[in-house]
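The values are calculated or read from the model by the stated rules, or taken from the named source; none is laboratory data. Since this is a predicted model, take the numbers as computed values, not measurements. In this analysis, Cβ positions are derived from the backbone assuming ideal geometry, glycine residues included, and neighbour counts consider all displayed protein chains. To get the accessible areas, we keep the full protein, side chains included, count just its heavy atoms, and leave off ligands, DNA and RNA. Shrake-Rupley method; radii C 1.70, N 1.55, O 1.52, S 1.80 Å.
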Amino acid sequence: MENPLSAKVIKSRLPTLKEKSRRYFIKTYGCQMNVADSEKLAGILDAAGYLPAESAGSADLLLINTCVVRQHAEDRAAWYITSAKGLKRERPHLKIGICGCLVTQPGRDLKKQFPHVDIFIAPNQPEKLKEFISSSTKASLWSPFSILDGEGKKRPSPRSGEGGPRAKRVEGEGLTKYLTIMQGCDNFCSYCIVPYVRGRETSRPIDEIIEEFKKLDFNHIKEIYLLGQNVNSYQYGFANLLRTIEINVGVGEYLPWIRFMTSHPRDMSDEIINAVAESHNVCEFFHLPIQHGDDEILKKMNRGYTIDYYRKLVDRIRARIPGASITSDVIVGFPGETDDQFRRTLYIIEEIGFDAVNTLAYSVRPATAASKLSDDVPQKVKDERLQEVMQVVEEVALVQNQKLVGTTQAVLVEGVSGRTRTNKIVKFVSPRNDLLGRVASVKITFARSWALEGEISDG
Ligand code: SF4
């Protein structure tokens, strides 16, 4: 009979490596900037030996990356944080962190509102997570298992295939990599809370961005989004950055497509348009939030351009890059918006012929200049205007998409669907598993407002 205390027996009774691993789950609200921030946090946890969890219910650390750009987004995040209290009741060792813009929102006492939360991490403070996990480990606050395994070796990386089923580190993770090139915003659009919660603009040096590019695994990453609140005002020259990326990373069909977001129309220069036109990898896709169709409202929004300027900008892009897609954002129900002013938004959407538009009803954000204006458009009117503008956007997008029927487009295959360089979704009539992550030629056979259908003609 085996000695009940032999090393072999003790070892067999110890939790397996998989059981010992602490797991994290990151719930992300909001824009791609938040997705990029969540990836950064996931990277810190990966490096510390944590593994991604399949769900919040199986995590030891739950991070909730919040967005407060609109009241609705803020409410959803607050609801999720509150309901996480139940998870903690079931699993008392669970640690909960709030990240993102809610943390820096002026006038909030989050500790009082959410006493079950263990850590608060502002958008530009990922190092706070490092400190938190290292102090938790030292103090053994968390679980009986150390970061190192029993033999003093580092745990295998979660990407090595060991350590259990591969959960997504961050929702939305796939062929796309979000790469932040700048943070914050100096524009202070009157309705927007971003400068208050993300701070003033700071740009990452070009060298640092190129280094990060070079480390990416282009066998898996097929599309890169360069992100910033206003990439056009990137401190070292956005056109310069686009050209430098292409020179340093090279060009070719096996390298990723590059997209960027968001552009402020006022700062979209001919130099940037030319850099896109002359690039092999940068896609012909411009997200240019117009926000409104009336000059007086644009002025009250502090947007810094007129409708005539915007119209000419679109003409310049289309003249230089025929077939470029142009998408936008609009807000309805801004304080004082009359019916005539609202109709101007409808007209400009039709006139420009946007490929897609995100539509929002105005909601007051604390601390902003517009919060001092009377929010005098009744909710019912806002809702009606929102419905109307969405209808127009749908019709206009359909007209744009129908122009592509019969053409052959390069499409990045993501599964049963893919996306064109102009960022249009294409559903495949006969999907092909062997083409995942590759660019295929696809003949467009049918158009809807939000997606195209097509047949793969070759891979
Ligand atoms: Fe907000 Fe305006 Fe800055 Fe965009 S440009 S993040 S809308 S302040």
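Among the helices (runs of 4 or more DSSP H) lying completely within the range 185-274, list those that include at least 2 residues that are of a type outside the set (A, V, I, L, M, F, W, C) and in contact with a strand residue (DSSP E or B) (Cβ under 6 Å, 6 or more places away or on another chain). Give the derivation first.
Values: elements: 194-198, 206-215, 238-249.
Per the criteria, no element qualifies.
Which of the residues belonging to the range 101-125 are open to solvent by 40 Å² or more (accessible area, probe 1.4 Å) and outside any helix (DSSP H, G or I)?
Of everything in the range 101-125, those that are open to solvent by 40 Å² or more (accessible area, probe 1.4 Å) and outside any helix (DSSP H, G or I) turn out to be PRO106, GLY107, ARG108, ASP109, PRO115, ASP118, ASN124, GLN125.
Taking the stated definitions as given, is TYR347 within 16 Å of the ligand (Cβ to nearest atom) and either part of a helix (DSSP H, G or I) or under 30 Å from GLU246 (Cβ atoms) (or both)? Even if it seems obvious, please write down each step before you answer.
Values: within 16 Å of the ligand (Cβ to nearest atom): no; either part of a helix (DSSP H, G or I) or under 30 Å from GLU246 (Cβ atoms) (or both): yes.
Considered against the rule, which asks whether it is within 16 Å of the ligand (Cβ to nearest atom) and either part of a helix (DSSP H, G or I) or under 30 Å from GLU246 (Cβ atoms) (or both), TYR347 comes out as no.
Rundown of residues vs (1) open to solvent by less than 40 Å² (accessible area, probe 1.4 Å); (2) at pLDDT below 90, yes/no style:
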residue	(1), (2)
PRO158	yes, yes
GLY164	yes, yes
LYS168	no, yes
GLY174	no, yes
ASN187	yes, no
PRO195	yes, no
THR202	no, no
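Please state which one of ARG421, ARG385, ARG365 is in contact with a Ser or Thr (Cβ under 9 Å, 6 or more places away or on another chain), modelled with pLDDT under 95 and crowded, with 18+ Cβ neighbours inside 10 Å.
Working: ARG421 fails: modelled with pLDDT under 95; ARG385 fails: modelled with pLDDT under 95.
On inspection, the qualifying residue turns out to be ARG365.
Considering only residues that are assigned to a helix (DSSP H, G or I) and open to solvent by less than 70 Å² (accessible area, probe 1.4 Å), which ones fall in the range 83-100?
From the range 83-100, those assigned to a helix (DSSP H, G or I) are 83-90; that's our starting set.
Once the filter is applied, which keeps residues that are assigned to a helix (DSSP H, G or I) and open to solvent by less than 70 Å² (accessible area, probe 1.4 Å), the range 83-100 yields SER83, ALA84, GLY86, LEU87, LYS88.
Does the range 259-276 include one or more residues that are open to solvent by 60 Å² or more (accessible area, probe 1.4 Å) and over 24 Å from TYR305 (Cβ atoms)? Quick ask: steps written out before the conclusion?
Pass one, the range 259-276, residues open to solvent by 60 Å² or more (accessible area, probe 1.4 Å): 266, 270-271.
Subsequent filtering for residues that are over 24 Å from TYR305 (Cβ atoms) retains none.
No, the conditions are met nowhere in the range 259-276.
How many of the residues in the range 278-307 are part of a helix (DSSP H, G or I), away from the ligand (no atom under 12 Å from the Cβ) and open to solvent by less than 40 Å² (accessible area, probe 1.4 Å)? Write out each step before concluding.
We begin by selecting, within the range 278-307, every residue part of a helix (DSSP H, G or I); these are 278, 295-300, 307.
Narrowing further to those that are away from the ligand (no atom under 12 Å from the Cβ): 278, 295-297, 299-300, 307.
Those left that are additionally open to solvent by less than 40 Å² (accessible area, probe 1.4 Å): 297, 307.
Of the residues in the range 278-307, 2 are part of a helix (DSSP H, G or I), away from the ligand (no atom under 12 Å from the Cβ) and open to solvent by less than 40 Å² (accessible area, probe 1.4 Å).
Scan the range 221-238 residue by residue and report those that are under 25 Å from LEU175 (Cα atoms) and open to solvent by 20 Å² or more (accessible area, probe 1.4 Å).
Residues satisfying the conditions are ILE221, LYS222, GLN229.
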